[in-house]
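Each remark here refers to the structure printed beneath this line.
The values are calculated or read from the model by the stated rules, or taken from the named source; none is laboratory data. A quick note: this is a predicted structure, and the numbers were derived from the prediction, not measured. Methodologically, a virtual Cβ is constructed for each residue, glycine included, from the backbone with ideal geometry; neighbour enumeration extends over all protein chains shown. We work out accessible area using only protein heavy atoms, side chains counted, and drop any ligands, DNA or RNA first. Shrake-Rupley method; radii C 1.70, N 1.55, O 1.52, S 1.80 Å.
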Amino acid sequence: TSTLQQESSRKLRFSVKRTMMLAQRLYEGIEVGKEGSVGLITYMRTDSTRVSEDALTEVRGFIGERFGPQYVPEKANTYKSKKDAQDAHEAIRPTSVLRSPEELEKHLQEDELKLYRLIWMRFIASQMTPAVFDQTTIEVTAKGRDNNEYRFRATGSVPKFDGFLAVYEEGKDQKD
């Protein structure tokens, strides 16, 4: 829940109250054409990182079809829960990754769609292979006029494989 609230604040500029109100609506159900009222996300007041086997099978198949087999890790990614986490519910995720934000566009209000897209993209990215970068560091040591040594370091990286970044990049509180 706190991660959802933080990302929603960083990326969408939504308050905690607004985020939770929108998430509640997505959880309770939205009229989706012939399907009727459908809960679009799992329970949103949880700190669990657990995901059902059915959801993992669905998302891994989706990733393979949409992005290619190189984006599907050998086995599903699992994440550790905090020691005091209540694991009664699954992690916050779409009830089906097959309901893309584009398909739901005509059924959701603007802010509902923004939050749903955030949850949908984060869930898919969480089950993709990591990004790979080549990193280079250069250090230069120079002696100043005052005879003190000064060390300068420059680091750069070049993406080799975008992995989960093809879908989602987590927001930051500050710029690098």
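Restricting to segment 113-164, give me the number of residues that are within 18 Å of Leu40 (Cβ to Cβ) and free of Cβ contacts under 8 Å to residues at least 24 places away in the same chain. The qualifying residues number 2. Residue under question is Glu102, and the condition is that it be open to solvent by 60 Å² or more (accessible area, probe 1.4 Å), acidic (Asp, Glu) and within 20 Å of Ala125 (Cα to Cα); does it hold? Against the criterion (open to solvent by 60 Å² or more (accessible area, probe 1.4 Å), acidic (Asp, Glu) and within 20 Å of Ala125 (Cα to Cα)), Glu102 qualifies. Can you find a residue that is open to solvent by 60 Å² or more (accessible area, probe 1.4 Å) and of a type in the set (D, E, K, R) anywhere in segment 116-129? For segment 116-129, residues open to solvent by 60 Å² or more (accessible area, probe 1.4 Å) and of a type in the set (D, E, K, R): present. Helices (runs of 4 or more DSSP H) fully within segment 1-107 that include at least 3 residues being in contact with a strand residue (DSSP E or B) (Cβ under 9 Å, 6 or more places away or on another chain): 16-28. Of the residues making up segment 56-75, those that are open to solvent by 60 Å² or more (accessible area, probe 1.4 Å) and either modelled with pLDDT under 95 or of a type in the set (D, E, K, R) (or both) number 4. The numbered conditions (1) of a type in the set (S, T, N, Q); (2) within 30 Å of Gln70 (Cβ to Cβ); (3) not in a loop (DSSP other than H, G, I, E, B) are all true for Thr141 except (2).
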